[in-house]
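Quick note: the coordinates plus some simple rules give every number you see, no bench work behind them. This structure is a prediction, so every number in the text was calculated from the model and none was measured. Cβ placement follows ideal geometry from the backbone for every residue including glycine, while neighbour counts extend to all protein chains displayed.
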Amino acid sequence: MSTSKLIDGKAAAARVLQQVKQDVLDLKAEGIQPALAVILVGEDPASQVYVRNKILRAEECGIRSIEYRLGADCPQARLLELIAELNDDASVNGILLQLPLPRHIEETRALQAIAPGKDVDGFHSENVGGLSQGREVLTPCTPTGCIYLLEQTLGDLSGKHAVVVGRSNIVGKPMAALLLKAHCSVTVVHSRSRDAQALCRLADIVVAAVGRPRMIDASWLKPGAVVIDVGINRIQDGERSRLVGDVDFDSALPQVSAITPVPGGVGPMTIAFLMKNTLIAAQQQALANRQPKEAVCL
Ligand code: GUN
């Protein structure tokens, strides 16, 4: 098997994190300590692992992390109160509310409560709208990481035909908006699409984000396509369980010019861009704090 077709997300994430670490040092030299607040409501085991990894990575980058663990029965009002306190706390630059939330909490209401400038997930409607208008805003971490991998692989994405499989708010929709911002022609296919496979076969770039193990095989792909597999699905393989993507990797590999493996492809990029978004939030807040003083000097 040729390994040259593999897009190495682990190495790419390490490069992004190295740059973040350096930029954090520069901010610290100006007396600014970037900080990320991470809120976990309930005891979802997967969320606990994600949150632990986010906190560890923040520490490695020199970003202070503050963890808030609220019980599964925490009233919505208490969560909104905490978010309001963190919005008002100038020492906190980014706020991450880990999803999913317990059912009694309205997800949209909670996400909308986060100040857009501290919304390091890019889920607030102000940031979603800004992205769709092509403004420079905080953008969702996973799709931003996918764009980074695509640009590393292909260079300029301008004029490419990209097909996004899946239309979730976290990945599919922002992915489509970011590809459009990068001047691609974008098609989004989903469960109601009439011939998703035929549409996908037209693509120079395929981003798979459906959450269905190995759904996309070689018959979905144009020869030479670049494939980004966002899926992380746990399947039972005999006695053992293992992780597979939304793409049937073994079938796709001979057909593609490049592909992300699972694990080790898109996965590490999500946390890397969470750190990058926290850094950007800290830099922008520092700039905003400096501006009024400079204006007074003039
Ligand atoms: N749960 C699964 N993915 C994500 C993510 O990107 N951000 C947050 N906040 N929660 C998630």
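Listing for the model above:
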{"quantity": "Taking VAL171, VAL163, VAL186, VAL244 and counting other C-beta atoms within 10 Å, the order from fewest to most", "calculated": "VAL244, VAL186, VAL171, VAL163"}
{"quantity": "Inter-label distance for LEU99 and GLU151, nm, one decimal - labels placed 7 Å from Cα along Cα-to-Cβ", "calculated": "2.4 nm"}
{"quantity": "Bins of 10 Å from zero: percent of alpha-carbon pairs in the stretch 1-150", "calculated": "10, 34, 37, 15, 3, 0"}
{"quantity": "Dipole axis of the chain (+1 Lys, Arg; -1 Asp, Glu on Cβ), positive-most option in CYS61, GLY159, PHE273", "calculated": "GLY159"}
{"quantity": "The stretch 1-88 shape via C-alpha gyration tensor axes, a/c threshold 1.5", "calculated": "oblate"}
{"quantity": "Lysine pairs with alpha-carbon atoms under 17 Å apart, the stretch 1-124, spacing 8 or more or separate chains", "calculated": "4"}
{"quantity": "More than 16 angstrom apart: percent of Cα pairs within the stretch 213-298", "calculated": "66 percent"}
{"quantity": "Paired Rg and Dmax values of the stretch 153-283, which use every Cα atom, in angstrom", "calculated": "15.0, 50"}
{"quantity": "Convex hull per residue volume in Å³, alpha carbons only, for the stretch 74-114", "calculated": "64 Å³"}
{"quantity": "Span per principal axis, largest first, for the Cα atoms of the stretch 109-183 (Å)", "calculated": "37, 23, 19"}
{"quantity": "Descending principal axes extents, the stretch 65-209, alpha-carbon based, whole Å", "calculated": "49, 31, 24"}
{"quantity": "Radius of gyration and Dmax over the Cα atoms of the chain, both given in Å", "calculated": "19.9, 72"}
